[in-house]
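The values are calculated or read from the model by the stated rules, or taken from the named source; none is laboratory data. Note that the coordinates shown come from a computational prediction; the quantities given were computed from them, not determined experimentally. Note that each Cβ is placed from the backbone with ideal geometry, even for glycine, and that neighbours are counted across all protein chains shown. For accessibility, only protein heavy atoms count, side chains too; no ligands or nucleic acids. Shrake-Rupley method; radii C 1.70, N 1.55, O 1.52, S 1.80 Å.
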Amino acid sequence: MHHFDVATLTPGRWRNGGGATREIASRPVGAEDFGWRASVADIDRPGPFSAFGGVDRTLTLLVGDGVLLTSPGVFERLPARAGEPVAFAGDLAVSAELPSGGCRVLNIMVRRGQWTGRVERVADRVVPPSGHAGVFYVLRGRWRTDKDGDVLASDQGAWWDLDDSAPEEGVTPLSPDAVALWADLTPIG
């Protein structure tokens with residue numbers, strides 16, 4: 001299990017200059033044809049998203065007043081609200097509008113046909129299934145990994161891959177205001 005803190009992740013600028021990405025994890029490491037990838041992105045201005053052929057994406061607003069996603073002929077102005085995952089095919093031509101300024105999102109991407117990904121907002125203990133990879137991102141409150149594990153706070157989290165040990169006892173809320181995002185990443189085949 002690997003812990004992360006968004007404040008310590010190195011940002012890299014997008015090719016189109018419209019934002020910056022902080023990679024949490026990508027498997028296999030450094031591969032252009034990743035199986036799965038998790039990152040936090042700052043969207044600084046409206047414009048097109050990069051296309052990722054053969055990839056399914058789930059975007060979840062973390063900070064900001066909203067982002068409007070548009071893909072002509074597929075969906076128009078699908079709003080992304082804080083903590084609500086929005087799934088779409090990475091092949092689509094998608095543009096973002098920022099009605100109230102910049103925002104930050106959690107971006108989970110899986111290679112179609114190799115992995116599936118499901119992102120949900122959680123407030124109760126999460127016990128990851130064996131044989132899955134995953135990403136756990138704290139939105140607010142405090143959480144504990146495993147029985148005697150580390151305490152995670154807002155903008156911190158943990159991730160694990162198939163060859164890592166997931167938290168056997170799960171990830172448990174420690175405060176009444178605890179809310180997090182859990183991305184369950186399942187290999188196909």
Hey, among GLY83, GLY66, GLY53, which residue is of a type in the set (Gly, Ala, Ser) and out of contact with any Ser or Thr (no Cβ under 7 Å at 6 or more places or on another chain)? GLY53
So is THR58 open to solvent by less than 30 Å² (accessible area, probe 1.4 Å), in contact (Cβ under 8 Å) with a residue 12 or more places away in the chain and either farther than 25 Å from ALA180 by Cβ or of a type in the set (D, E, K, R) (or both) or not? no
Taking only pairs six or more apart or across chains, which ones have beta-carbon atoms under 7 Å, a first residue in segment 11-32 that is closer than 15 Å to CYS103 by Cα, and a second residue that is open to solvent by 80 Å² or more (accessible area, probe 1.4 Å) and assigned to a strand (DSSP E or B)? ALA20/ARG13
Looking at (1) surrounded by fewer than 19 Cβ atoms within 10 Å (Cβ to Cβ); (2) at pLDDT below 95; (3) within 14 Å of the chain's Cα centre (by Cα), find the lone condition where SER50 falls short. (3)
I'm checking my understanding of the structure. Among residues of segment 82-92 that are in contact with a strand residue (DSSP E or B) (Cβ under 6 Å, 6 or more places away or on another chain) and over 13 Å from ASP56 (Cα atoms), which one is most open to solvent (accessible area, probe 1.4 Å)? ALA82
Looking at segment 152-166, can you tell me whether even one residue there is polar (S, T, N, Q), surrounded by fewer than 16 Cβ atoms within 10 Å (Cβ to Cβ) and over 20 Å from ALA25 (Cα atoms)? no
Screening ARG45, ARG142, ARG112 for residues that are surrounded by fewer than 15 Cβ atoms within 10 Å (Cβ to Cβ) and not hydrophobic (A, V, I, L, M, F, W, C) leaves only ARG45
